[in-house]
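Notes for the one structure printed next.
The values are calculated or read from the model by the stated rules, or taken from the named source; none is laboratory data. In this text the structure is predicted, and so the values were computed from the model without any measurement. When we count neighbours, we look across all protein chains shown, and the Cβ atoms used for this are built from the backbone with ideal geometry, even at glycine. These accessible areas exclude ligands, DNA and RNA; they are computed on the full protein's heavy atoms, side chains included. Shrake-Rupley method; radii C 1.70, N 1.55, O 1.52, S 1.80 Å.
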Amino acid sequence: MSEAALIPTKRRHPGQGRRKTRSAPKGRQLDHVALEGVQALLGDRPRDRDLLIEHLHLIQDALHCLPADYLTALAHEMRLPLSEVYEVASFYAHFDIIKDDDPALPNLTIRVCASLSCALSGGQALQNDLLAKYGSDVRVVPAPCMGRCDSAPVAEVGHRHVGPASVDAVDAVVQSGNFHPKPTLYQDLDAYCSDGGYSLLKSCLAGDKTATDVIAIMEDSSIRGLGGAGFPTGRKWGLVRAEAKPRYMAVNADEGEPGTFKDRTYLEQAPHRFLEGMLIAAWAVEAERIYIYLRDEYPHIRDILLTELSKLETAGLTRNTEIILRRGAGAYICGEESAMIESIEGKRGLPRHRPPYVAQVGLFNRPTLVNNVETLYWVRDIIEKGAAWFSSEGRNGGVGMRSYSVSGRVRNPGVKFAPAGITVRQLIDEYCDGMADGHDFKAYLPGGASGGILPASKADLPLEFGKLEEFGSFVGSHAVVILSNHDNMHDVALNLMRFFEDESCGQCTPCRVGTEKAVKLMERPKWDTGLLEELGHAMADASICGLGQAAANPVFSVLRYFPEDVT
């Protein structure tokens, strides 16, 4: 017998033919009609990798969704793996991927805010009523905080916000067919310059002031980052300036903490005071490029900034720094600075491990200064009036002035400009005209969803960095939500945990799984307090970023101060 005869051969089953050859490569095939559509939308825009989210917005805006064949065409056009395009598009809440066999989406989407302030004002009932009214003709979906907590409940019709919203108010917008954001009156470039605006920036650019002196003033003023973390601003500027060039700057205008809306107020009323502070900061650290990362829920502010930035460029005030406006896509996690940087680079908003810190390795691996809108808003006043002017303000040991976003059960909600360290009782009585009619003060959130919940018995604590931590809370972004005797703390904490579950980026198991399990445990009529505490500590100890680390704060607060509401 020959050696070849000893080699086994593969037997075919009866009826089995030869393997068919593929008529096309494996995977989704390029549709040339979709490719032409993508090319028309992108026009002569660059196909750079970091523009992926911007290009996804172009498709979403034009088609009200992201068809699968358009994603394939976009991947081809940008020379990216299709998997990379899909993972980014599926990460962000404001992108709607439609597969070939999915039913077509209605042309109009109405989003109803489901966050705490709107929930207190009947947001769920509004959503139910809108679903009953429109049926399948209009898509009605819940949405996280829209940054309009002072006019709760809030709905977004297309890109136009309605608040306080009712079925009739929403339907009036639907019937009008005008789904674009309503323009707001604001101080434009000419009005700002007539009030002395940009004189300070021009002085800096002319060499009348040194970066060292300006940074020293910022340090002496004791101003801290007002986006939530509270890192000393002047110190941060100095750290970034000490790094090697080129250096960049990123502005966090993505306030997504439930209860926070102060940055929106400043941007839609006085954008140039913020822009001048931003340009001075960029000058101080010699940042060659500035990226403004703006919430997608603020389309009217995007229109304002595009208009006014063009005027600044024409006036020659941006000649030393390139300014790039980037659009978020509905992800709370992108308020975390490293997740925001990932998003600016066109990726999923996943927080980075530290070290290195973004001041050392940030945007495109370069040293990056990250500042919040309100922090930059105060730069001009601090430098013109001196560090002592700012640091001399405050109550109860607080330093400086603050913008408190106040919502919930008060008679007059809104952004309250008040001394740092003011107590919540003083804030309610002196700035909000007291509690809403028929409501007795029961509790409050001093720092939005992640800042914990304190009882009315703690109403005389200073609302300032470092003053609330021993009570299991913190002031964060100064988002103050007032609760009353009409509110059950079980329901409040469950609303907050559902928010964290929905907004977890999913990168780390303690947060991804922990928030989901916590919601299931909290949905029970009686809480398993021991298991919830164990789960909360695991999340706090092992999560990568502040979302998972702080997600259990409302649970701990309820167990500590309101056990009667969960047993």
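In debye, nearest 20, what is the charge dipole magnitude of segment 342-490 about its Cα centre with +1 on Lys and Arg Cβ and -1 on Asp and Glu Cβ, if you could check?
500 debye
Under Stokes-Einstein, with the Kirkwood radius over Cα pairs standing in for Rh, what whole-number D in µm²/s applies to segment 329-393 at 37 °C and 0.692 mPa s?
242 µm²/s
Which order, highest average first, do 75-86, 118-129 follow once you tally other Cβ atoms within 10 Å for each residue and take the mean per peptide?
Details: 75-86: 15.5, 118-129: 20.2.
Listed from highest to lowest mean packing, they are 118-129, 75-86.
Could you report the accessible area of ILE304 in Å², rounded to 10, computed with a 1.4 Å probe on the protein chains as they sit in the structure?
The accessible area comes out at roughly 10 Å².
Would you mind putting 198-206, 306-314 in packing order, based on average other-beta-carbon counts within 10 Å, highest first?
Final packing ranking: 198-206, 306-314.
When only Cα pairs under 8 Å and 6 or more residues apart are kept, what is the percent relative contact order across segment 118-186?
27 percent
With every protein chain kept in the model, how would you rank ARG247, ARG411 by accessible area, 1.4 Å probe, largest at the top?
Descending order: ARG411, ARG247.
Got the relative contact order for segment 301-418 handy, in percent, Cα pairs under 8 Å and 6 or more residues apart? Numbers along the way, then the final one.
Numbers: 92 pairs, mean separation 11.6, N = 118.
So the answer I get is 10 percent.
What fraction of the Cα pairs in segment 80-132, stated in percent, has a spacing above 17 angstrom?
Roughly 59 percent, once rounded to a whole number.
Length gain on complete extension for the stretch GLN124 to ALA436, per 0.36 nm per residue less the alpha carbon to alpha carbon distance?
Here the answer is 110.3 nm.
Counting other C-beta atoms within 10 Å, and keeping those with at most 13, which DSSP coil trypsin sites (Lys or Arg not before Pro) do you find in segment 513-563? Mind showing how you got there, number by number?
On the way: sites: LYS517, LYS520, LYS526, ARG560; in loops: LYS526.
Those satisfying the criteria are LYS526.
Can you send over the carbon and sulfur percentage of the accessible area for the chain, probe radius 1.4 Å, protein chains only?
48 percent
Order the following by accessible area, largest value first: LYS262, LYS442. Probe radius 1.4 Å; ligands, DNA and RNA are ignored.
From most exposed to least exposed: LYS442, LYS262.
Give me the net charge of THR233's neighbourhood, meaning all other residues with Cβ under 10 Å from the Cβ of THR233; Lys, Arg count +1, Asp, Glu -1.
Result for the local shell: +2.
What Cys residues in the chain have no fellow cysteine's beta-carbon under 4.7 angstrom?
CYS65, CYS145, CYS149, CYS193, CYS204, CYS334, CYS432, CYS505, CYS508, CYS511, CYS545
State which entries of LYS262/LYS458; LYS182/LYS416; LYS467/LYS526; LYS262/LYS517; LYS99/LYS517 exceed 27 angstrom in Cα-Cα distance in the structure shown.
LYS467/LYS526; LYS262/LYS517; LYS99/LYS517
Compute the distance from the alpha-carbon center of segment 253-302 to that of segment 513-544, in whole Å.
Each part's Cα centre sits 35 Å from the other's.
From the list (1) 33.5; (2) 30.2; (3) 35.1, can you say which value of mean projected area of the Cα convex hull in nm² was derived from the structure given?
(3)
Tell me, what is the per residue accessible area of the chain in Å², probe radius 1.4 Å?
43 Å²
For the chain, what is the relative contact order in percent, using Cα pairs closer than 8 Å and at least 6 residues apart in sequence?
12 percent
From largest accessible area down, sort ASP31, ASP433; use a 1.4 Å probe on the protein chains.
The residues order as ASP433, ASP31, largest area first.
Work out the length of the dipole vector of segment 479-551 about its Cα centre, built from +1 on the beta-carbon of each Lys and Arg and -1 on the beta-carbon of each Asp and Glu, and round it to the nearest 20 debye.
100 debye
For segment 162-193 and segment 348-381, write down the distance between their C-alpha centroids in whole Å.
Here the two parts' Cα centres lie 32 Å apart.
Among TYR291, PRO103, GLY397, which residue has its Cα furthest toward the positive end of the charge dipole of the chain, with +1 on Lys/Arg Cβ and -1 on Asp/Glu Cβ?
Value computed over the given set: PRO103.
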